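Read the structure below first, then the notes.
Derivation of every value follows stated rules applied to the coordinates shown; laboratory data play no part. No experiment lies behind these values; they were computed from the predicted model shown. Quick reminder, even Gly has a Cβ in these numbers, built from the backbone with ideal geometry, and neighbours come from all protein chains shown.
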Amino acid sequence: MEWETVIGLEIHAQMATKSKIFSAASTAYGAEPNTQACAVDLGFPGVLPVLNQEAVRMAVKFGMAIGAEIAPYSVFARKNYFYPDLPKGYQISQMELPIVGIGYLDIEVDGKTKRIGVTRAHLEEDAGKSLHEDFHGLTGIDLNRAGTPLLEIVSEPDMRSAKEAVAYMRKIHELVRYLDICDGNMQEGSFRCDANVSIRPKGQKKFGTRAELKNINSFKFVEKAINIEVERQMDLIESGGTVIQETRLYDADKNETRSMRSKEEANDYRYFPDPDLLPVEITDELRKQVKADLPELPTAKKLRFIEQYGQDGESATILTSSRQLADFYEAVIKESGCEAKLCTNWVTGNFLGAINKAGLDINDTPISHQRLAGLLKRIADNTISGKIAKQVFDVLWESDATADEIIEQQGLKQITDSGAIEAIIDKIIADNPKQVEQYLSGKDKVFGFFVGQAMKATQGKANPGEVNKMLKDKLK
Amino acid sequence: MSLSADEVKKIAYLARLGIDEQDTDAYAKDLSNMLDLMTQMGDTFTDTVQPMAHPMDQMQRLRPDTVSEHNQRENFQSIAPQIEAGLYLVPKVID
């Protein structure tokens with residue numbers, strides 16, 4: 001039978017606020033255990049939550065970026081469950097009236113654009129961390145993370161393959177970083193994903209029973225976890241079994257999903273409005289402010305890059321993949337005053353190549369946009385050739401010198417004195433009569449030999465265009 | 001609506017409340033009475049009324065995003081039954 005996969009994602013993005021969503025404790029990552037867990041986070045009797053305005057603003061910002069309806073009136077609810085990672089006995093979340101309503105995002109897979117619906121996005125508090133090892137049969141609890149603001153972004157079941165799911169997740173990841181509302185660090189758990197996966201016979205309208213996959217903390221694992229789960233469901237159904245609705249954990253080491261269902265009773269979260277929090281009003285004024293602060297979004301930027309700088313789709317996709325990179329690129333153009341094409345080639349080519357090779361983030365680039373622009377200026381004004389420029393680039397990467405200093409110190413200036421080049425070419429022609437003969441008898445390939453010799457004799461400092469022209473003239 | 005003794009036990013379990021076996025029937029009766037009252041209230045026509053999220057007719061005041069709580073771990077942990085390496089220790093929660 002032919003099966004169709006149906007996927008919906010729930011993405012949890014930690015909002016990049018300084019303090020927690022309901023308390024004034026720090027959200028900084030990596031502190032000593034429990035040093036950032038205050039009385040509110042610990043659920044002490046008598047404490048009251050006070051909502052962080054920045055968390056609300058960030059949620060609104062996200063909503064606007066996906067074209068969603070922003071609720072004018074939003075309510076927080078208690079989701080009751082007993083687990084020591086939230087000492088209150090409930091998580092403050094939203095059930096009815098979430099801040100962000102229905103929106104959408106366009107993804108691109110295999111050159112085709114597809115619209116993925118976002119059902120809703122709501123604010124809630126993150127839980128603490130449980131450590132199960134090395135405590136003599138007990139569990140260690142670190143509540144530093146408890147109370148960190150989370151935006152839970154729920155998609156419609158619109159994705160039909162693991163590839164689409166990854167594309168959607170990447171798009172959300174790109175967007176939250178563009179908006180500066182989440183650092184997107186998946187290793188530190190700032191950006192996490194659960195996937196609802198089901199299959200149905202192709203052509204059937206009704207959805208199959210879904211399994212919820214937890215604990216997927218990288219783009220690679222999302223794809224693998226979904227694919228392995230789809231395989232499991234197909235095998236199960238084709239051998240006469242049925243899929244049951246349950247939560248499954250993805251184990252990356254074994255590349256399998258396994259049931260998290262315990263013998264205990266199913267959870268009943270008994271949601272109800274949190275009496276400690278009043279309804280939140282999203283005023284027109286806040287909306288206006290956020291709208292005014294909204295940066296140019298990835299899709300709009302990409303289209304602008306194509307139009308304004310004459311880029312192909314691929315370059316534009318690369319250059320707009322992060323706001324920092326796009327800003328860097330535009331700063332290079334502005335600083336150098338060079339043609340966009342030259343800047344595009346260098347930023348996507350040598351520059352990003354070196355960044356990726358060194359495993360660096362664009363923010364940690366050893367070459368500032370000013371120094372890269374300095375190099376491009378010298379290519380544009382023919383002081384150095386493209387080949388020499390690569391040499392200079394390597395030195396830029398390793399040192400703090402400017403391109404001009406490097407060119408000067410190493411004597412890399414292009415030879416513009418055509419008399420000097422002519423003398424060298426004459427000598428090469430005189431020294432290689434055999435090759436001259438071959439060329440004149442029609443072996444065009446030998447021409448490259450002469451160019452190579454000329455570049456070698458000038459240590460690459462001759463202008464290749466001029467060398468070509470001169471050789472052509474002399475070898476007629 | 002009438003709750004059975006088993007349903008009362010289940011509700012107590014979900015709320016992690018320990019109740020005495022002998023009190024079960026009394027709880028069942030009390031809770032059933034409350035549910036009856038709710039059923040009665042459910043008959044009221046409320047389609048045109050916006051659900052109330054809070055009895056106070058006010059909106060939430062928001063807090064500026066600043067860190068003003070500082071580390072008081074020692075204080076908090078002085079009353080914790082068991083701690084180690086800065087962590088609170090609790091009975092193992094998963095197998």
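Assorted remarks:
- With contacts taken as Cα pairs under 8 Å at a separation of at least 6 residues, the range A:296-410 carries a relative contact order of 21 percent.
- In chain A, the calculated helix contribution to ellipticity at 222 nm averages -12000 deg cm²/dmol per residue, counting -39,500 (n - 2.57) for every DSSP H run with n ≥ 4.
- Net charge of neighbours whose Cβ lies under 13 Å from the Cβ of A:E96, counting Lys and Arg as +1 and Asp and Glu as -1: +2
- Between 0 and 90 degrees, the angle of helix A:53-65 with respect to the longest Cα principal axis of chain A falls at about 60 degrees.
- Secondary structure note: in the protein assembly as shown, about 90% of the DSSP beta bridges are antiparallel.
- As a length-normalised measure over Cα pairs under 8 Å and 6 or more apart, the relative contact order of the range A:370-476 settles at 29 percent.
- Whole-Å semi-axes of chain B's equivalent ellipsoid (Cα gyration tensor): 39, 30, 11
- Contact order for chain A, expressed relative to its length and based on alpha carbon pairs under 8 Å spaced 6+ residues apart, stands at 14 percent.
- Computed over the range B:1-53, the ratio Rg/Rh where both radii use C-alpha atoms and Rh is Kirkwood: 1.14
- Ordering of A:203-213, A:301-311, A:226-236 by packing [mean C-beta count within 10 Å, highest first]: A:226-236, A:301-311, A:203-213
- Only lysines eight or more places from A:K20 in sequence, or on another chain, were considered; those with a Cα closer than 25 Å are A:K61, A:K79, A:K88, A:K129, A:K214, A:K288, A:K291.
- Mean-position separation - Cα centroids, the range A:56-72 and the range B:20-95, in angstrom: 28 Å
- Compactness index (Cα Rg / 2.2 N^0.38 Å), the range A:132-189: 1.59
- When each of A:K445/A:K474; A:K202/A:K224; A:K357/A:K456; A:K377/A:K461; A:K171/A:K220 is checked by Cα-Cα distance, pairs over 19 Å: A:K202/A:K224; A:K357/A:K456
- For q = 0.19, 0.24, 0.28 Å⁻¹, Debye-computed log10 I/I(0) when each Cα of the range A:418-474 counts as one equal scatterer: -0.59, -0.93, -1.24
- Site pair B:E7 and A:R304 shows an inter-label distance of 6.1 nm when each label is modelled 7 Å from Cα along Cα→Cβ.
- The spacing between the range A:305-320 and the range A:201-257, judged by their C-alpha centroids, is 37 Å.
- Global geometry of the range A:174-238, whether rounded, prolate or oblate, following the gyration tensor of its Cα atoms and the 1.5 cut on a/c: prolate
- Within a straight-line Cα-Cα reach of under 14 Å, A:K413 can be paired with the following aspartates and glutamates, leaving aside sequence neighbours fewer than 8 residues apart in one chain: A:D381, A:D404, A:E405.
- For the range A:407-452 and the range A:359-374, distance of Cα centres in Å: 36 Å
- Gyration tensor over alpha-carbon atoms, the range A:296-410, equivalent ellipsoid semi-axes in Å: 24, 16, 11
- Phi angles of the range A:185-191 translate, via the Karplus equation with coefficients 6.51, -1.76, 1.60 and θ = phi - 60°, into HN-Hα couplings of 6, 6, 5, 8, x, 6, 9 Hz per residue; Gly and Pro are given as x.
- Computed over chain A, the ratio Rg/Rh where both radii use C-alpha atoms and Rh is Kirkwood: 1.12
- Inter-site label distance for A:L48 and A:A430 at 7 Å from Cα along Cβ, in nm: 9.8 nm
- Cross-link partners for A:K301 among the aspartates and glutamates, with Cα-Cα distance under 18 Å and sequence neighbours closer than 8 places in the same chain left out: A:D106, A:E108, A:E174, A:D180, A:D293, A:D312, A:E314, A:D327, A:E330.
- The eigenvalues of the Cα gyration tensor, multiplied by 5 and square-rooted, give the range A:16-62 an equivalent ellipsoid with semi-axes of 20, 15, 6 Å from largest to smallest.
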